[in-house]
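Peer 1: This structure is in C-alpha cells; I'll ask about it shortly.
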Amino acid sequence: MMLFFLVSGAVNKSLPKKAWPDVLRASLRLLALAWTVHVLGWAFGLIVNPEMRASLGGAAWNLFDPILEGYKWSVGVLWFLTSLCFVQILAYWSLRRFPAIAVLAVAMAATALTSYLPEQYLMRTWAPGLAFFALGYLFSQWQVRWSFWAAIPLIAAIIFIAPLNHGCTFSYAQSCGSSPFSVRMFMGSYGFLPVFFLSSLVGSLAVVCLSAGLAKLGAASELLAYMGRKSLELFFINGFVATFLFGFFWQMEWPHLTVFHYIGLFLGIVAAHLLALLILRPVLAWINEAGLAIAGFLTRLLTGGSEAKAG
C-alpha cells in the first residue's frame, strides 16, 4: 500500500501551489467515495447475510458508526481512501511550509508513535503515508527516471529484506506477535520500522521500474494504462470481491498449476476486470458523481461558500 502513497505524491507535484478549497474538495471526495461505497456494501450485506437483518438497531449501527468514526467499513479496502484523504491534507499544509525532505524525515520518525493514536479515521496510517507521499513528491521534483532492468535486483532484494521484519518496533533480533510477521497498515502494525521502510521503498521502486518497462509494450501498454486510469473503479470492484467472496475463494481446492496455467489465469483475471468495468459502468459513474456532489457540498460548508474547481 505504500506504493500508492508514493504514486499519489508523485502525481501531485503541484499540490502545495493549489488553493485550499481545491485541495479540500479533492481530499473530501476520497472520503465521500468511501461513504458511498460503504452504504452500497452495507445494503448488499443486508441482502446476502440474514444475521444483519436480525436487529434494526444493529443494522443502523453498522451503517452509521463507520461513517462517524472513519473505519470498520462494510468494504474493508475503503480504509485506504480514508487514510489518503487526511494524508493529502497533511501533505498540503506541511509541504507549503517545509522542504519535502524535512516532511519525509519527520513523518518517518512520527511512525514510531502511531501505536499510541486512536483507530478512528485510520490515524495510525497517516505518518507513514505522509512519508511516502513526500518521497513521491521528491521523486517528481527531481524528475527521476527509472530503468526497467533495475526491477530485477530490486525484486530479489525485497524477497530477502521483507522476511527480516519480525514484528518488534524497536528490536531486530526478537520476534513479536504471530510468526511469520506480516505488515497490516490499516491496523497500524509495521513491526521493525527500519526494515518496514526499507522493504516498502524497495518494493515500491521495483513496481515503478517494472511499469517503466511495461510502458514500452505497445498495445499491451495501452490496455494497462487504461486499467491504470480506471484503478479507482477496479479498487471498488476488488473490494467487494475481497469482502463478500473471500470465503468462497478460500475454500476452493486448486489443482496443481503449471506456469502456463498461471499465465492463463492472469489473462482471465484481466479479462474479468475489463468485463466488470463494462457491466458496472452506470453504477461506477453514479458512485463518482455522488462522491463529487458530497465533497462539493462539504467544501462549501467548511470554507464559507468558496468555490472549488472540479477534479
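Please treat every number below as a calculation from the coordinates, not as lab data. From a predicted model like this one, the values you see are computed outputs, not experimental measurements. Neighbour counts run over all protein chains shown; Cβ positions are idealised from the backbone, glycine included.
Peer 1: Report the number of Lys pairs in the chain whose alpha-carbons are under 24 Å apart, with separation of 8 or more residues or on distinct chains. Could you put the intermediate results ahead of the total?
Peer 2: Details: 13/230; 13/309; 17/309; 18/309; 216/230; 230/309.
Final tally of qualifying lysine pairs is 6.
Peer 1: Would you kindly give the portion of the calculated P(r) for the stretch 145-216 that falls above 14 Å, as a percent of all Cα pairs?
Peer 2: Details: 1537 of 2556 pairs.
Summing the P(r) tail past 14 Å for the stretch 145-216 gives 60 percent.
Peer 1: Starting from the Kirkwood Rh over alpha-carbon pairs, what translational D in µm² s⁻¹ does the stretch 88-190 have by Stokes-Einstein at 20 °C and 1.002 mPa s?
Peer 2: 137 µm²/s
Peer 1: Run the Debye formula on the Cα coordinates of the stretch 1-160, all scatterers equal and no solvent, and tell me log10 I(q)/I(0) at q = 0.10, 0.11, 0.14 1/Å.
Peer 2: Log-scaled intensity ratios, in q order: -0.46, -0.55, -0.80.
Peer 1: Principal axes first, then extents: for the Cα atoms of the stretch 172-275, list largest minus smallest coordinate on each axis, whole Å, largest first.
Peer 2: For the stretch 172-275, the Cα extents along the three principal axes come out at 48, 36, 30 Å.
Peer 1: Name the most mobile residue of 35, 20, 73, meaning the one with the largest mean-square fluctuation, in a Gaussian network model of the chain with Cα contacts below 10 Å.
Peer 2: 20
Peer 1: Throw me the Rg/Rh for the chain, computed over C-alpha atoms with Kirkwood Rh, two decimals.
Peer 2: On the way: Rg = 20.5 Å, Rh = 21.4 Å.
Rg/Rh for the chain comes to 0.96.
Peer 1: Take peptides 119-132, 192-205 and line them up by average Cβ neighbours within 10 Å, highest first, as a rough protection proxy.
Peer 2: 119-132, 192-205
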